[in-house]
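Participant: This structure is in structure tokens; I'll ask about it shortly.
The values are calculated or read from the model by the stated rules, or taken from the named source; none is laboratory data. All values derive from a computational prediction rather than experimental measurement. Counting neighbours? That spans all protein chains shown, and the Cβs are built from the backbone with ideal geometry, glycine included.
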Amino acid sequence: MFKSCVLALVSVTLLALPLTISAEEKKPSIEDLVEKPVQAITDLSEAQPKRAKLTEEQAIAQLQYMMLNAFKRIEPTLLERGSFKPVGMTLDPDGTFRSVRVDGQEEMPQAVALDAIVSSLKSLAANRTQWAVGVMYVTGKKQEDGRIQRRIMVATEHIAGWARTWSYPYFIDGEQVKMGSPFETEMKPVYYK
């Protein structure tokens, strides 16, 4: 009886072994999942990935997308205080927006915080890992009647070579930020030369 149990166990094991091996053979290897080059690369310039060409409209749309994401971040502060400290903006190639702030900027004068953010953006643009960079801040001009006309200033730049500034007059109306028509200006690239 013991021999028959052992033989049955060995038979079942031998029957299962080819199934296990054949299942392992069907799994694709990592080499199968990676696209293989058609020919060997002999010139290093061929190994560099080619960037997709963007039209001006596409680049400006990405700059506007970055700006709108930054506005969403500052809107609660704008409603609470009527103003906000400068904020830097970046846009990754995959479309991820990030805001850039510097430590202690809430206690800094606006000009110092703005200079620190601009320095950070220059560094980020220099390593060319970001599709776009920009800065957003508030400025104001005293009117003859004593009121201050405030504007949200936005300066953005795309790695593809286009840059824009926007100036939005605004005021706070209860629980809403009311913005006037923007004044858009084309500018020369500063960060991505």
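Participant: Within the stretch 149-186, track down each residue that is in a loop (DSSP other than H, G, I, E, B) and either under 21 Å from the mean Cα position of the chain (by Cα) or acidic (Asp, Glu) (or both).
Facilitator: Within the stretch 149-186, 159, 160, 161, 162, 175 meet the criteria.
Participant: Given the options 135, 118, 102, name the one that is of a type outside the set (Phe, Trp, Tyr) and farther than 30 Å from residue 55 by Cβ.
Facilitator: Among 135, 118, 102, only 102 is of a type outside the set (Phe, Trp, Tyr) and farther than 30 Å from residue 55 by Cβ.
Participant: Same structure again: Quickly run through the stretch 146-193 and pick out the residues that are β-branched (Val, Ile, Thr) and in contact (Cβ under 8 Å) with a residue 12 or more places away in the chain.
Facilitator: Those that are β-branched (Val, Ile, Thr) and in contact (Cβ under 8 Å) with a residue 12 or more places away in the chain: 152, 154, 156, 159, 165, 172, 177, 185, 190.
Participant: Considering only residues that are among the acidic types (Asp, Glu) and either surrounded by 13 or more Cβ atoms within 10 Å (Cβ to Cβ) or closer than 14 Å to residue 166 by Cβ (or both), which ones fall in the stretch 57-75?
Facilitator: 75
Participant: Restricting to the stretch 117-147, name every residue that is more than 25 Å from residue 64 (Cβ to Cβ) and either surrounded by 11 or more Cβ atoms within 10 Å (Cβ to Cβ) or modelled with pLDDT of 90 or more (or both).
Facilitator: Once the filter is applied, which keeps residues that are more than 25 Å from residue 64 (Cβ to Cβ) and either surrounded by 11 or more Cβ atoms within 10 Å (Cβ to Cβ) or modelled with pLDDT of 90 or more (or both), the stretch 117-147 yields only 147.
Participant: Given the condition modelled with pLDDT under 95, among the basic types (Lys, Arg) and loosely packed, with under 14 Cβ neighbours inside 10 Å, answer yes or no: does some residue in the stretch 76-90 qualify?
Facilitator: Within the stretch 76-90, one or more residues are modelled with pLDDT under 95, among the basic types (Lys, Arg) and loosely packed, with under 14 Cβ neighbours inside 10 Å.
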